[in-house]
């Protein structure tokens, strides 16, 4: 038996969302990665690797959200209603509140030091921790502006090789003997540390209340809460797995020999079975509290599946399509720097183009590198432009349906081929479902 999945795809180097289905709520804890998911808000963020400046961009409620500042980051990690990013080089650590926003997320800097640089960023539900590169000392802060307990750092005499965070606790692998040490508030961290005992570990990943890792001999072991069988590794020969992702009550792992994903735990043993990932190889995987996402080896897209990744209205898909249409129309990226105002920060193509199109200023946004269109071609461009502008309306109910969009694009094609004369925006299909 296989549970039909709810999935969607994120191309991390472009942050392009292919419209299959999108989340209503996302949940995430864990370690540093090129992608971060916050719980409590519908927010997915990624580092754009294809641009000279490897900035962060987020997607929330069907919209691309700008993330300031426009600088390169080496890792991001998500928690409860916020996420954090470590600037390339490790000198600065920034966090962003992901409360619903129509334009951008503004940063809050929690660390800056040009001399003592950080690595191993890890975010739990409210805590943020990172490791000093040279010394291995762990530093922790409370990351959320809206509550959470004080989260202390471990003693400076302790030196770590790597770290990870769960719900109310963080753990690390000690440099001196590769054993696991945990700290934080509550019982679970102490219990995880006790269960790992004197095992020598090479890697460690935390979920909500359990942790798994590879021993120095390559065997996968899991410790902590086992209420749903999340510790019951089905098989674990040496060097069997290369990557891990842990949620609230499940564990997933990437097989080293072929990149395929195996999962166990959850409410039932079929919960994370999915045709969506059958015979698909993954470079890495990350988990939310009740879903998992993987970066595919074939095209660096991210596929997400699991009970916490449900479908919502197709109107969110419409917004993503509208962004793509505006990129084609203007010749600009989803987020770009306006050459006419070099002092301004980056701007989204939606904020730049949609108001001008709806105000009758289409000629101001059309890609100037393209030659002047013929009369019938101009009418087709007008259809495309007004369709795109309606697709990115802030309210989902104001966006056209997919069938209306198809009808408009077919009409634009007919205009190019048949030269029917002028066209008014009032004749476009803009009905909402």
Would a scan of the range 402-415 turn up a residue that is surrounded by fewer than 16 Cβ atoms within 10 Å (Cβ to Cβ), without any contact (Cβ under 8 Å) to a residue 24 or more places away in the chain and in contact with a helix residue (DSSP H, G or I) (Cβ under 7 Å, 6 or more places away or on another chain)? no
Tell me yes or no: at least one residue of the range 194-206 is closer than 26 Å to residue 97 by Cβ and assigned by TED's automatic domain parsing to the domain that holds residue 286. yes
For the range 197-208, which residues satisfy the criterion of being outside any loop (DSSP other than H, G, I, E, B) and surrounded by fewer than 24 Cβ atoms within 10 Å (Cβ to Cβ)? 201
Counting just the residues of the range 171-189 that are within 19 Å of residue 231 (Cβ to Cβ) and either touching a residue at least 12 places away in the same chain (Cβ under 8 Å) or outside the structural domain of residue 141 (by TED's automatic domain parsing) (or both), which one comes out surrounded by the most Cβ atoms within 10 Å (Cβ to Cβ)? 171
For the range 209-235, how many residues are on the phi < 0 side of the Ramachandran plot and in contact with a helix residue (DSSP H, G or I) (Cβ under 6 Å, 6 or more places away or on another chain)? 3
Residues satisfying the stated conditions in the range 44-68, i.e. assigned to a strand (DSSP E or B) and modelled with pLDDT under 75: 63
Inside the range 105-119, can you point out the residues that are farther than 12 Å from residue 135 by Cα, at pLDDT 90 or above and not in a loop (DSSP other than H, G, I, E, B)? 107, 108, 109, 110, 111, 112
Restricting the range 301-322 to residues that are under 26 Å from residue 362 (Cβ atoms) and within 18 Å of the chain's Cα centre (by Cα), which is modelled with the lowest pLDDT? 316
Residue count, the range 135-157 (criterion: assigned to a loop (DSSP other than H, G, I, E, B) and either within 23 Å of the chain's Cα centre (by Cα) or at pLDDT below 95 (or both)): 15
Among the listed residues 329, 295, identify the single one that is under 30 Å from residue 350 (Cα atoms), crowded, with 21+ Cβ neighbours inside 10 Å, at pLDDT 80 or above and in the same structural domain as residue 368 (by TED's automatic domain parsing). 329
Does residue 252 count as within 24 Å of the chain's Cα centre (by Cα) and modelled with pLDDT of 95 or more? no
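The values are calculated or read from the model by the stated rules, or taken from the named source; none is laboratory data. It should be emphasised that the depicted structure is a prediction, and the values quoted were computed from it without experimental measurement. Reconstructed Cβ throughout: ideal geometry from the backbone, glycine too, with neighbour counts over all protein chains shown.
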